[in-house]
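The values are calculated or read from the model by the stated rules, or taken from the named source; none is laboratory data. Nothing here was measured: the structure is a model prediction, and the numbers come from that model. Cβ: placed from backbone, ideal geometry, glycine included. Neighbour counts: every protein chain shown.
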């Protein structure tokens, strides 16, 4: 089954990327894999503190994931899977794509802020020609109705 890989983070545009991935998966018989990455700088403390922070970060991610997963199951009939990785976001996204042969599309949300579309979108578009899968960039300010009409 072809999977849509979407990144779960704390950005507003993440919501539209999740919606797009779920709706496309529902309409094409695919799946959704949600990837959340814990940056390494969160654990630059003593070992015991770092372990506690890591556990708390995972709990936050799992709670956030459950909100999206419930919506995907209830509204789109898609049961997403969660993958949590630690490290540099770009490196971990690429590693996940390479390690899971079922990933067919990488879906990212683009910020509509004046500062630009966001660091992940900026980096991935620069290297789009060498990505092993197609990249779909979803505008962060696109309406739910427009998303539904194009998926």
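Apart from one condition, residue 116 fits all of (1) on the phi > 0 side of the Ramachandran plot; (2) assigned to a strand (DSSP E or B); the exception is (2). Taking (1) without any contact (Cβ under 8 Å) to a residue 40 or more places away in the chain; (2) farther than 22 Å from residue 23 by Cα in turn, residue 118 satisfies each apart from (1). Of all positions in region 138-151, none carries a residue that is surrounded by 13 or more Cβ atoms within 10 Å (Cβ to Cβ), under 18 Å from residue 38 (Cβ atoms) and within 15 Å of the chain's Cα centre (by Cα). Of all the numbered requirements in (1) in a strand (DSSP E or B); (2) more than 12 Å from residue 19 (Cα to Cα); (3) touching a residue at least 60 places away in the same chain (Cβ under 8 Å), residue 107 misses one, and that requirement is (2).
Filter region 121-140 down to residues that are assigned to a loop (DSSP other than H, G, I, E, B) and without any contact (Cβ under 8 Å) to a residue 40 or more places away in the chain and give me whichever is farthest from residue 102 (Cα to Cα). My answer is 127.
Among the residues of region 30-51, not a single one is surrounded by 18 or more Cβ atoms within 10 Å (Cβ to Cβ), under 16 Å from the mean Cα position of the chain (by Cα) and in a helix (DSSP H, G or I). When 12, 19, 75 are checked against the criterion of being touching a residue at least 40 places away in the same chain (Cβ under 8 Å), within 27 Å of residue 151 (Cα to Cα) and surrounded by 19 or more Cβ atoms within 10 Å (Cβ to Cβ), 19 stands alone in meeting it. Right, residue 7: buried (at least 21 other Cβ atoms within 10 Å of the Cβ), touching a strand residue (DSSP E or B) at 6+ places or on another chain (Cβ under 9 Å) and modelled with pLDDT of 95 or more or not? So residue 7 fits the description; yes. Please work out which residue is surrounded by the most Cβ atoms within 10 Å (Cβ to Cβ), limiting yourself to region 99-119 and to residues that are at pLDDT below 95 and more than 14 Å from residue 15 (Cβ to Cβ). The selected residue is 117.
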